[in-house]
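Shown next, in structure tokens, is the structure this report addresses.
The values are calculated or read from the model by the stated rules, or taken from the named source; none is laboratory data. Computed from a prediction, not measured in an experiment: that's the story for all the values here. Note that each Cβ is placed from the backbone with ideal geometry, even for glycine, and that neighbours are counted across all protein chains shown. Quick note on the areas: whole protein, heavy atoms, side chains included, nothing else; ligands and nucleic acids left out. Shrake-Rupley method; radii C 1.70, N 1.55, O 1.52, S 1.80 Å.
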Amino acid sequence: MALIVSTWIKFVFLFAPFFVVSMFLALTRTDSAAERRKIANRAVLAALLTSLVLFFFGSPLFELLGITLDSFRIGAGILLFLSAISLVRDGVRVNAEVPAEQRDDVSVVPLAIPTIIGPATIGAILVYGAELNGVDIIYGLVGLVLALVCLLICLHLSTWLERILGKTGLNVLSKITGLILAAMASQIVLT
């Protein structure tokens, strides 16, 4: 049970929900509430499928490429740290422009990938999936799915969150998430 909770918390911060909510709001500003729900559902489903592939095929990928888990931890930790610095320093850019050809469906690109599942998240999912053995894999998977469910809830409540917190509040929470991600990155490297 403790592994489920700790994995869930790690993934909640890895998915940076307040940053994702800000991007979601910017990308769906002109969409109706029903369209926003569909986009949120598709984005989280795409993120789930991508996460599952990464989670289960991390170890075989490492073996195929001849990369040790420790080497990948250092690389993933550095990427995660750079993402954390970006969140803390730059914050969220809510006036993101989306090219017209991508406007038909923003749920997969750019929302699921690279906003929810970016390079640092990919690295962290690969490392966590490769670290777990036996029944711990199921617990880790439950934690990952719970984190995505939390993200989906945040996306469904995004308009309400923006009204309550405002753009500044979302930006502050993104920066706090960045600080926690920096600590997680350091832990990945130290491990």
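Structural remarks
- In the condition set (1) crowded, with 19+ Cβ neighbours inside 10 Å; (2) at pLDDT 90 or above; (3) closer than 30 Å to residue 191 by Cβ, residue 73 is compliant with all but (2).
- Tally of residues being touching a Gly at 6+ places or on another chain (Cβ under 9 Å) and open to solvent by 50 Å² or more (accessible area, probe 1.4 Å) across the range 4-17: 4
- Checked against the criterion of being of a type in the set (Phe, Trp, Tyr) and farther than 19 Å from residue 131 by Cβ, the range 41-56 has no qualifying residue.
- Whichever residue in the range 146-164 is more than 18 Å from residue 5 (Cα to Cα) and not aliphatic (A, V, I, L, M) and, among such residues, is least open to solvent (accessible area, probe 1.4 Å): 158
- Single residue of the range 118-140 satisfying the filter (open to solvent by less than 20 Å² (accessible area, probe 1.4 Å) and not small (Gly, Ala, Ser)) that is modelled with the highest pLDDT: 125
- Check on residue 143, modelled with pLDDT of 90 or more and either more than 17 Å from the chain's Cα centre (by Cα) or open to solvent by 40 Å² or more (accessible area, probe 1.4 Å) (or both): no
- Taken together, 87, 49 contain a single residue that is open to solvent by less than 50 Å² (accessible area, probe 1.4 Å) and assigned to a helix (DSSP H, G or I), which is 87.
- Hits in the range 165-191 - residues which are within 23 Å of residue 44 (Cα to Cα) and either open to solvent by 70 Å² or more (accessible area, probe 1.4 Å) or modelled with pLDDT of 95 or more (or both): 167, 176
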